[in-house]
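Worksheet for the structure shown next.
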Amino acid sequence: MGAKLITMTGGPRRIATIGVYGCTAGTFVDALTGAGVGLLLDLRQRRGVRGPEYSWANSARLQRMLAAADIGYRHVKELAPTTELRLLQYHEDDRQGVGKRNRVALAPEYVKGYTREVLDPFDLGALVAGLPSDSVTVLLCVERDPEACHRSLVAARVRSAHGLPVTDLRPG
């Protein structure tokens, strides 16, 4: 049986993903407002980003910036990778000689672990049911490319299990 498309007044729910790297505060907000985002789901375990060029993405500043743009904010820590999973990915990054900001794909063991430990036990149906139907909901993490980030795994599950369209925003 096919996936059920959940709809409410305002039409079907729509999902997008976005990363912090490669954005400025301005390009980030422009991408969100241009895509019609009404709610940002922060999927980070630690809601900060190293480096002064990304200080705008640290939780308190990000929330103020989003509020000024009339975009809601919700931290969904339950969908963040565990420290152990992040370390597993960092080890693979080191093995391949790439930095987190240059990663282009997730390690297969990370994908298996994240799916088993985080995504499978999470009630994604309840999350999806509570999303607004009159605006886009965006999944946030730090990596620029969704293929290099766990948000792509969440987005793929939302697409396959709930039949929702997913767009990857890549500002800049």
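Every read-out reported here was derived from the displayed coordinates using simple, explicitly stated rules and does not represent laboratory data. As the structure is a computational prediction, the values presented were derived from the model and not from experiment. Note: ideal-geometry Cβ built from the backbone for every residue, glycine included; neighbour counts use all protein chains shown.
With N residues in the range 23-91, what two-decimal value do you get for its Cα radius of gyration over 2.2 N^0.38 Å? Before the final figure, lay out the partial values.
Details: Rg = 13.2 Å, N = 69, 2.2 N^0.38 = 11.0 Å.
It is 1.20.
Run the numbers on the chain and let me know its relative contact order in percent, using alpha-carbon pairs under 8 Å that are six or more apart.
Details: 274 pairs, mean separation 79.1, N = 172.
For the chain, the relative contact order is 46 percent.
Compute the Rg to Rh ratio over the chain from the alpha carbon atoms, using the Kirkwood formula for Rh, and round to two decimal places. Walk me through the numbers before you get to the answer.
On the way: Rg = 15.6 Å, Rh = 16.4 Å.
Reported Rg/Rh, Kirkwood definition of Rh: 0.95.
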Open item on the list: Using the crude model of +1 on Lys and Arg Cβ and -1 on Asp and Glu Cβ, and no other charge, please compute the dipole size for the chain relative to its Cα centre, in debye to 20.
Closed with: 140
Open item on the list: I'd like the distance between the alpha-carbon centres of the range 19-84 and the range 119-172, rounded to an integer number of Å.
Closed with: 14
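Take Lys100, Lys77 and order them by how many other Cβ atoms sit within 10 Å, fewest up front. Don't skip to the answer; put the middle values down first.
Numbers: Lys100 15, Lys77 11.
In order of increasing Cβ crowding within 10 Å: Lys77, Lys100.
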Task: Projected label distance in nm at Arg95 and Glu147, using a 7 Å step from Cα toward the beta-carbon - done: 1.9
- [ ] Take the Cα of Thr167, step 7 Å along the line toward its Cβ, and report every residue of the range 27-47 whose backbone nitrogen sits under 18 Å from that point.
- [x] 27-41
